Amino acid sequence: MALSRRSGRSRLTLIFLILTSITVITLDFRGDGAGLIGSLRDGAADALSPVRSAAASVLEPVGDALAGVTAYGELEEENAALRARVAELEGSELRDESAEEELDEARRLLELELAPDVPRINARVVSTPISNFEQTIELDRGAGDGVGVDMPVVTGAGLVGRVVGVSGSRSTVLLVTDPASAVGVRLARSGELAVASGEGPEVPLSLDFVDTEADVDLLELVVTDGLDASMFPPDIPVGRVSLAEAAPGQLQRRVEVRPVAELAQLRLVSVLQWRPG
Amino acid sequence: MTTATRLPPLLLGAVVLHTAVFPQLRLFGVAADVLLLLAVAAGLTGGPDRGAAVGFGTGLLADCFLQTPFGLSALAYSLVAYSVGAFAETILHAGRWIPVLTTLVASAGGVLTFAVLGLVLGQEQLVSLRLATVAAMVGILNAALSPLALRAMRWAVDSRPVPGPVLR
């Protein structure tokens, strides 16, 4: 009897907590991340960021060692794939003049300063993702330094992601590899437009909407398209094509792109103070 | 000292571990979910009522550091901790491995619950091929940490006798 009464009370507690959760979720959706909930998140991020920065610098060698151990198989596979690719390139006709010209063009593009007309804020990466689902990093610059939501983030090599959260002194950047990330891109040589979507950590981006007849080369450079209302300035290198194949019966070509920025080893980045036109 | 004075510092410590320490120590790219672990530990030691309440609290703390809808973790963690508490009440003789195995299954279940509820709320990116790896690894890592979490939760939560069998 007592157990049944207690079980009934437990169910009431659970129902109350479920309803409270749904109310909080609704408030968050209606406030679009701002208001009280936004302030709570900003405050929590600001309060813990010194601890997180300190822990990151102390524990980084241990984390690197663990990553090296658990990713050993992948590294071996990657090594073998790279060796095979080098051999293939050495023995193929890709070394002809037109390919070299294309490579030179890509090199020139990489050497150009990215979006030179756009003011930028240099920032240090102070922590890696907390969640097992989100590919985000935290920067030591925030709203007080001029960082705003949706601003693009780059390294000297290319696109890193965009700012998705800002507090007074910190900002959160969604990396291009996050499954929630989608970037409008253009294949540098063919001019083909597509959307580069994140597929998770250490996984190449996938290009959507590439026609089966499109002419796509391996290692071809992929840059931001810069179309009207695009979230990124034009011609920022995003990655290089690592796979391009047309499967029979498919409406679009399967194309994968490896980001040019070393997303696993980010230290310093630039936030571009750029707003869509 | 009572729950009111012991639980807040435990939660604060857990937040520091969850946001600053364990994200640096990843196995196969996955970190332990300390706040989910505490919710499970509360269910195991305190029953469904207390488990759901602590799960709701730790879930809200987790939501402070995520881009997903605020309250999503609170919902998932309270559901999981309630289920763990209800399960723990049915066990008459808990062997040494029961809490560890329960934590493994409940933590993996918590990750899946979070992803599925997120999917319902339009967070399609949470459900991917990687989800199985994340759930399995969180389960294993949390199970490895469960003896410490159970001890900490027993210390923090007021241990007045609760009628019915609950893992202690």
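Results, tabulated for the structure shown:
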read-out: Residue list for the stretch A:1-12, restricted to those being part of a helix (DSSP H, G or I) and either at pLDDT below 90 or facing chain B (nearest Cβ under 7 Å) (or both); value: A:ALA2, A:LEU3, A:SER4, A:ARG5, A:ARG6, A:SER7, A:GLY8, A:ARG9, A:SER10, A:ARG11
read-out: Among the residues listed as B:LEU148, B:LEU167, the single one being away from chain A (no Cβ under 11 Å) and either modelled with pLDDT under 90 or surrounded by 22 or more Cβ atoms within 10 Å (Cβ to Cβ) (or both); value: B:LEU167
read-out: When residues of the stretch A:13-56 are limited to those that are of a type in the set (S, T, N, Q), without any contact (Cβ under 8 Å) to a residue 24 or more places away in the chain and closer than 26 Å to A:GLY148 by Cα, the one farthest from the other protein chains (Cβ to nearest Cβ); value: A:SER39
read-out: Residue that is surrounded by the most Cβ atoms within 10 Å (Cβ to Cβ) [pool: residues in the stretch B:16-68 that are farther than 21 Å from B:TYR82 by Cα and β-branched (Val, Ile, Thr)]; value: B:THR19
read-out: Residue within the stretch B:18-34 that is touching a Ser or Thr at 6+ places or on another chain (Cβ under 7 Å), modelled with pLDDT of 95 or more and within 13 Å of chain A (Cβ to nearest Cβ) present; value: yes
read-out: B:SER73 being closer than 30 Å to A:ALA264 by Cβ, more than 8 Å from every other protein chain (Cβ to nearest Cβ), in contact (Cβ under 8 Å) with a residue 24 or more places away in the chain and in a helix (DSSP H, G or I); value: yes
read-out: Candidates B:VAL116, B:VAL84, filtered to the one that is within 11 Å of the chain's Cα centre (by Cα) and not in a loop (DSSP other than H, G, I, E, B); value: B:VAL84
read-out: Output for the stretch B:76-112, where each listed residue is within 12 Å of another protein chain (Cβ to nearest Cβ) and either touching a Pro at 6+ places or on another chain (Cβ under 7 Å) or not hydrophobic (A, V, I, L, M, F, W, C) (or both); value: B:TYR77, B:SER78, B:TYR82, B:SER83, B:GLY85, B:ALA86, B:GLU89, B:THR90, B:SER107, B:GLY110
read-out: Subset of the stretch A:126-142 [away from chain B (no Cβ under 13 Å) and either assigned to a loop (DSSP other than H, G, I, E, B) or at pLDDT below 90 (or both)]; value: A:ASP140, A:ARG141, A:GLY142
read-out: So A:SER197, is it within 19 Å of B:GLN125 (Cβ to Cβ), within 12 Å of the chain's Cα centre (by Cα) and free of Cβ contacts under 8 Å to residues at least 40 places away in the same chain; value: yes
read-out: Residue within the stretch A:220-240 that is hydrophobic (A, V, I, L, M, F, W, C) and either touching a Cys at 6+ places or on another chain (Cβ under 6 Å) or farther than 20 Å from A:VAL153 by Cβ (or both) present; value: no
read-out: Close pairs (9 angstrom Cβ cut-off, 6 or more residues apart or separate chains): touching a residue at least 40 places away in the same chain (Cβ under 8 Å) and of a type in the set (Val, Ile, Thr) in the stretch B:32-45, in a loop (DSSP other than H, G, I, E, B) and surrounded by fewer than 24 Cβ atoms within 10 Å (Cβ to Cβ) anywhere; value: B:THR45/B:VAL157; B:THR45/B:SER159; B:THR45/B:VAL166; B:THR45/B:LEU167; B:THR45/B:ARG168
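The values are calculated or read from the model by the stated rules, or taken from the named source; none is laboratory data. Just so it is clear, the model here is predicted, and its values are computed rather than measured. Neighbour counts are summed over all protein chains in view; Cβ atoms, including those assigned to glycine, are modelled from backbone coordinates with ideal geometry.
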